[in-house]
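Colleague: One structure is given below, represented as structure tokens, and several questions about it will come after.
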Amino acid sequence: MVQVNGNYLKLKAGYLFPEIARRVKAFSEANPEAQVIRLGIGDVTEPLPEACRTAMKAAIDAMGTSEGFHGYGPEQGYPWLREAIARHDFQSRGCEVSAEEIFISDGSKCDSSNILDILGEGNRIAVTDPVYPVYVDSNVMAGRTGDADGVGRYGGLTYLPITAANGFTAEIPSGKVDLIYLCFPNNPTGAVASREQLKAWVDYARASGALILFDAAYEAFIQDPELPHSIYEIEGARECAIEFRSFSKNAGFTGTRCALTVVPRGLMGTAADGEKVELWGLWNRRQCTKFNGVSYIVQRGAEAVYSPEGQAQVKALTAFYMENAAIIRRELTAAGIQVYGGEQAPYVWLKTPEGLDSWGFFDQLLQRAHVVGTPGSGFGAAGEGYFRLSAFNSRANVEEAMRRVRAL
Ligand SMILES: *Cc1c(COP(=O)(O)O)cnc(C)c1O
């Protein structure tokens, strides 16, 4: 019989979202009249911006003509999209990122997992705790960890706790690590890193030869003009960081699929014999071999995000969700619950009240308010005692959910 990849067997069985779905299903079956409101999974709810839809329709029509037909595109993405991104997202903020360094893909989830393809087995890996589960599970699947312990921490990984005690910004590790996953604005805590905090990470990485994998999926939600949107706003980051971005959250592309990864030219790693190797070339080779690009239609839709209409519509979309976040923050605070995040990110991270643990609060919120959130412990051991509410929902649902919470 064929052998399976034993690394998959190390994965902790109860993955967070299936367990939430199981409990919600059981509750709904027992209480068919209850109107359950889901502020749990981080998916957007509002329609695609009109500028994107118009551009995609035009692209579909072009595909129906011999002159406008597009077959395989460049594996790295079309130059017009890469150039628009370089100009609007990076150069306009003083980041020295060129179109050639931008690789278009169908998602940051895949890119942040696939990047392990070009990195060696022996790297010491650091993740925050709580963490976006993809960073950890992709390392488990790739055989870069040991087994999980009782609280779900895998051997071989360095966990950097982010809690109220340290203001939800991980401390620089005291020991040496080679690969560091950072996500700011953060999923799940909604925390954001200041310029000084990112500089401390970049300084650490440069001094120790580490690589930072910076996930900026939520940069569009930053409200404070002083905060950095990209790691490349920090001097020296080109020598030590790869950045992931996505159209999923800012432009509602979760079901449309388009994202990008920045790999700066001159960013180096070392081979087993000590020779220096440019990561750009490895990632380019990896994408050309294993990926065939994002559809022409979707890339035209993503390009429209950078038109004046697209920019206005995306701004309105993020503002809408941030207003939801403000309502959640305000109402929870009025209900006497300690809240964090939700000011520069579409997630509110709350301290579970009355000494309840994360799943205890989940069950109470579901039973008594028919509201679904995400237990903090599902994102890591240090998330125990916390809970995530997402601002991705209709205004009516957010207001009704908060009315029910206030009534408890
Ligand atoms: C939603 C999200 C992404 C985006 O993933 P896509 O695959 O591009 O949809 C990336 N990182 C984090 C932390 C996210 O929450």
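The values are calculated or read from the model by the stated rules, or taken from the named source; none is laboratory data. The structure displayed is predicted, hence computed values, not measured ones. Don't worry about glycine lacking a Cβ; one is built from the backbone with ideal geometry, like all the others, and counts go over all protein chains shown.
Colleague: Give me the pairs, please: first residue somewhere in region 236-253 and under 17 Å from Arg82 (Cβ atoms) and touching a residue at least 40 places away in the same chain (Cβ under 8 Å), second residue anywhere and in a loop (DSSP other than H, G, I, E, B) and within 11 Å of the ligand (Cβ to nearest atom), beta-carbon distance under 7 Å, and either six or more positions apart or on two chains.
Modeller: Phe244/Ala216; Phe244/Ala217; Arg245/Ala216; Arg245/Ala217; Ser246/Gly107; Ser246/Ala217; Phe247/Cys258; Phe253/Phe247
Colleague: Another one. With respect to Glu278, is the statement that it is away from the ligand (no atom under 16 Å from the Cβ), surrounded by 15 or more Cβ atoms within 10 Å (Cβ to Cβ) and either among the β-branched types (Val, Ile, Thr) or without any contact (Cβ under 8 Å) to a residue 24 or more places away in the chain (or both) true?
Modeller: Criteria met by Glu278.
Colleague: Follow-up. Under 8 Å by Cβ, and 6 or more places apart or on different chains, what pairs join a residue from region 96-124 that is under 27 Å from Gly301 (Cβ atoms) and at pLDDT 95 or above with one that is within 11 Å of the ligand (Cβ to nearest atom) and charged (D, E, K, R)?
Modeller: Phe103/Asp111; Ser105/Asp111; Asp106/Arg257; Gly107/Arg257; Ser108/Asp215; Ser108/Arg245; Ser112/Asp215
Colleague: I've got another one for you. Is it true that Gly293 is at pLDDT below 95 and in a loop (DSSP other than H, G, I, E, B)?
Modeller: Taking the combined requirement at face value, the residue does not satisfy it.
Colleague: Taking region 154-188 as the region of interest, how many residues are more than 16 Å from the ligand (Cβ to nearest atom) and in contact with a Gly (Cβ under 8 Å, 6 or more places away or on another chain)?
Modeller: The qualifying residues number 6.
Colleague: Return the total of residues in region 200-234 being over 16 Å from Asp89 (Cα atoms) and within 16 Å of the ligand (Cβ to nearest atom).
Modeller: 2
Colleague: Hey, any hits in region 161-173 for a residue that's of a type in the set (A, V, I, L, M, F, W, C), at pLDDT 95 or above and buried (at least 23 other Cβ atoms within 10 Å of the Cβ)?
Modeller: Within region 161-173, none of the residues are of a type in the set (A, V, I, L, M, F, W, C), at pLDDT 95 or above and buried (at least 23 other Cβ atoms within 10 Å of the Cβ).
Colleague: When only residues in region 235-253 that are of a type outside the set (Gly, Ala, Ser) and assigned to a loop (DSSP other than H, G, I, E, B) count, which is nearest to the ligand (Cβ to nearest atom)?
Modeller: Lys249
So that you can scan it fast, the table gives a plain yes or no per residue for (1) surrounded by fewer than 22 Cβ atoms within 10 Å (Cβ to Cβ); (2) farther than 28 Å from Asp149 by Cα:
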| site | (1), (2) |
| --- | --- |
| Asp357 | yes, no |
| Gln367 | yes, yes |
| Arg388 | no, no |
| Asn393 | no, yes |
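Colleague: Is there a residue being within 19 Å of Phe17 (Cβ to Cβ), in contact with a Pro (Cβ under 6 Å, 6 or more places away or on another chain) and not assigned by TED's automatic domain parsing to the domain that holds Ala345 anywhere in region 151-164?
Modeller: no
Colleague: Could you list, in sequence order, the residues of region 254-275 that are without any contact (Cβ under 8 Å) to a residue 12 or more places away in the chain and within 14 Å of the ligand (Cβ to nearest atom)?
Modeller: Gly255
Yes/no matrix, rows are residues, columns are (1) among the small types (Gly, Ala, Ser); (2) surrounded by fewer than 16 Cβ atoms within 10 Å (Cβ to Cβ); (3) assigned by TED's automatic domain parsing to the domain that holds Met141:
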residue	(1), (2), (3)
Lys10	no, no, no
Leu16	no, no, no
Ile20	no, no, no
Asn31	no, yes, no
Ala34	yes, yes, no
Gly40	yes, no, no
Lys57	no, yes, yes
Phe69	no, yes, yes
Ser92	yes, yes, yes
